[in-house]
Amino acid sequence: MNLNQIFAAADISSSGLKAERLHMEVVANNIANQNTTRTANGEPYRRQQVLFTSLAEDGGRPDTLSGVRVEAITSDQSPFRSVYDPGHPHANEQGQVQLPNVDLPHEMVDLLVASRAYESNLKSLETFKQITKQTLSLLGGA
């Protein structure tokens with residue numbers, strides 16, 4: 001057994017921590033922009049989504065996972081919401097304002113899922129650390 005195999009559990013958890021931290025940042029950005037009616041391209045803010053992919057060792061064999069990574073951050077192409085607000089500075093001739101396609105309850109669920117996944121990866125890393133300490137302690141006492 002080589003050293004890379006011993007630390008594989010830590011590498012897997014670390015990659016999960018990194019990916020879920022970015023996921024939480026994207027969700028927080030979505031929540032922060034839920035009322036942004038104009039961006040640099042002239043449209044309302046589009047909800048962002050994080051796509052994950054698993055990493056595989058040994059030339060891509062799917063049975064030897066070595067973690068996860070963010071494959072891409074994409075824009076949700078679902079339609080914008082429209083509300084009647086003729087006094088809004090971005091209202092069209094009919095008084096309709098296009099609002100971002102961000103749904104707060106959906107974002108809160110995404111944030112909760114990302115947070116729990118982050119916590120699980122952190123707990124796994126802490127457990128690996130404890131096991132490693134105990135193993136080194138036993139080896140030092142022998």
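The values are calculated or read from the model by the stated rules, or taken from the named source; none is laboratory data. Treat the numbers as computed from the prediction; the structure is a model and nothing was measured. Every residue, glycine as well, gets a Cβ built from its backbone with ideal geometry; the counts of neighbours run over all protein chains shown.
Within segment 76-98, identify whether any single residue is in contact (Cβ under 8 Å) with a residue 40 or more places away in the chain, under 19 Å from the mean Cα position of the chain (by Cα) and surrounded by fewer than 16 Cβ atoms within 10 Å (Cβ to Cβ), and answer yes or no.
No, every residue in segment 76-98 fails to be in contact (Cβ under 8 Å) with a residue 40 or more places away in the chain, under 19 Å from the mean Cα position of the chain (by Cα) and surrounded by fewer than 16 Cβ atoms within 10 Å (Cβ to Cβ).
Please specify each residue of segment 15-32 satisfying the condition of being out of contact with any helix residue (DSSP H, G or I) (no Cβ under 7 Å at 6 or more places or on another chain) and either farther than 30 Å from Gln96 by Cα or surrounded by 17 or more Cβ atoms within 10 Å (Cβ to Cβ) (or both).
Ser15, Lys18, Ala19, Leu22, Glu25, Val26
What are the pairs with Cβ atoms under 8 angstrom where one residue, in segment 26-41, is over 14 Å from Val109 (Cα atoms) and the other, located anywhere, is of a type outside the set (Ser, Thr, Tyr) and surrounded by fewer than 16 Cβ atoms within 10 Å (Cβ to Cβ)? Sequence gap at least six, or different chains.
Gln34/Leu104; Thr37/His88; Thr37/His90; Arg38/His90
Can you spot a residue in segment 6-13 that is aromatic (Phe, Trp, Tyr) and farther than 21 Å from Leu112 by Cα? Talk me through it step by step, then tell me what you get.
Taking segment 6-13 and keeping what is aromatic (Phe, Trp, Tyr), we get 7.
If we keep only those that are farther than 21 Å from Leu112 by Cα as well, we get 7.
Among the residues of segment 6-13, at least one is aromatic (Phe, Trp, Tyr) and farther than 21 Å from Leu112 by Cα, which makes the answer yes.
Examine segment 17-27 for a residue that is out of contact with any Asp or Glu (no Cβ under 8 Å at 6 or more places or on another chain), among the hydrophobic types (A, V, I, L, M, F, W, C) and not in a helix (DSSP H, G or I), and state whether such a residue exists.
Within segment 17-27, not a single residue is out of contact with any Asp or Glu (no Cβ under 8 Å at 6 or more places or on another chain), among the hydrophobic types (A, V, I, L, M, F, W, C) and not in a helix (DSSP H, G or I).
Identify all residues within segment 33-64 that are among the small types (Gly, Ala, Ser), surrounded by 12 or more Cβ atoms within 10 Å (Cβ to Cβ) and modelled with pLDDT of 80 or more; write none if there are none.
Of everything in segment 33-64, just one residue is among the small types (Gly, Ala, Ser), surrounded by 12 or more Cβ atoms within 10 Å (Cβ to Cβ) and modelled with pLDDT of 80 or more, namely Ser54.
Which of the numbered conditions does Asp110 fail, given that it passes all the others? Conditions: (1) within 24 Å of Asn30 (Cβ to Cβ); (2) in a loop (DSSP other than H, G, I, E, B); (3) of a type in the set (D, E, K, R).
Result: Asp110 passes all but (2).
Out of the residues in segment 99-135 that are surrounded by 15 or more Cβ atoms within 10 Å (Cβ to Cβ), of a type outside the set (Val, Ile, Thr) and farther than 20 Å from Gly16 by Cα, state the one that is nearest to the chain's Cα centre (by Cα).
Across segment 99-135, the extreme among qualifying residues is Asp103.
Find the residue count for segment 76-113, including only residues that are among the hydrophobic types (A, V, I, L, M, F, W, C) and in contact with a Leu (Cβ under 9 Å, 6 or more places away or on another chain).
Summing the residues that are among the hydrophobic types (A, V, I, L, M, F, W, C) and in contact with a Leu (Cβ under 9 Å, 6 or more places away or on another chain) in segment 76-113 gives 2.
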